[in-house]
Amino acid sequence: MNGVELFLLGRTLMKIGEEAMPTEGLRGQSTSVRSVLIVASDIVENPGSAVGEIAGRTGLPQSQVSGCVARLREAGAVVTEPDPADRRRVLIHQAPEASGRVEVVRSTTIDTALGTALGTGDPDAVAEVVAALETLAQQLTPATLSRLRPPSSRSRSSAVDG
């Protein structure tokens with residue numbers, strides 16, 4: 001496998017992941033699942049950040065980060081508080097307890113979306129691919145990315161990632 005093949009595999013996996021996300025009860029959203037997940041991940045890794053800081057690290061436009069934070073707040077996934085040092089800024093934290101929406105997202109498997117993408121109804125084939133993905137997920141965590149390049153270059157390349 002080369003870098004292009006790995007990149008395309010990653011893109012395919014992202015699309016399957018997006019398809020697997022439950023959407024029941026959600027009204028139309030101005031932000032993509034991908035950008036919301038990027039912002040949520042950054043908030044978990046950097047609690048107490050402001051929107052501008054998240055935008056800088058992720059490479060997403062500040063307006064898009066604000067939309068993602070609003071969506072996450074509505075879902076009960078994050079909480080906000082005024083910055084004591086600058087009351088005009090809002091600091092964002094992961095919610096201390098998982099909301100009902102977060103629990104639904106966490107409990108929804110990828111099996112149906114994966115089976116559709118594979119073009120098979122064979123549960124053994126789906127289980128085999130799920131097992132392979134679980135192995136990859138154990139080895140290639142978000143922390144893995146920090147070993148690829150120094151933090152200063154990550155923020156510049158993130159605009160391409162999102």
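Things to note:
- Flag if S99 is closer than 22 Å to T141 by Cα and out of contact with any His (no Cβ under 9 Å at 6 or more places or on another chain): no
- For beta carbons closer than 8 Å, sequence separation of 6+ or different chains, a first residue in region 20-44 that is on the phi < 0 side of the Ramachandran plot and outside any loop (DSSP other than H, G, I, E, B) and a second that is among the charged types (D, E, K, R) and modelled with pLDDT of 80 or more, the qualifying pairs are V33/E18; R34/E18; V36/R71; D42/R57.
- First in region 3-14 and at negative phi, second anywhere and small (G, A, S) and part of a helix (DSSP H, G or I), Cβ under 9 Å, 6 or more apart: T12/A117
- Matching residues in region 83-112 - criterion: being within 17 Å of the chain's Cα centre (by Cα) and touching a residue at least 24 places away in the same chain (Cβ under 8 Å): I92, H93, Q94, S99, R101, V102, V104, V105, T108, T109, I110
- Residues being modelled with pLDDT under 85 and surrounded by 14 or more Cβ atoms within 10 Å (Cβ to Cβ) - total across region 76-106: 5
- Number of the condition not met by T80 [criteria: (1) in contact (Cβ under 8 Å) with a residue 12 or more places away in the chain; (2) outside any strand (DSSP E or B)]: (2)
The values are calculated or read from the model by the stated rules, or taken from the named source; none is laboratory data. These numbers come from a predicted model, not from an experiment. When we count neighbours, we look across all protein chains shown, and the Cβ atoms used for this are built from the backbone with ideal geometry, even at glycine.
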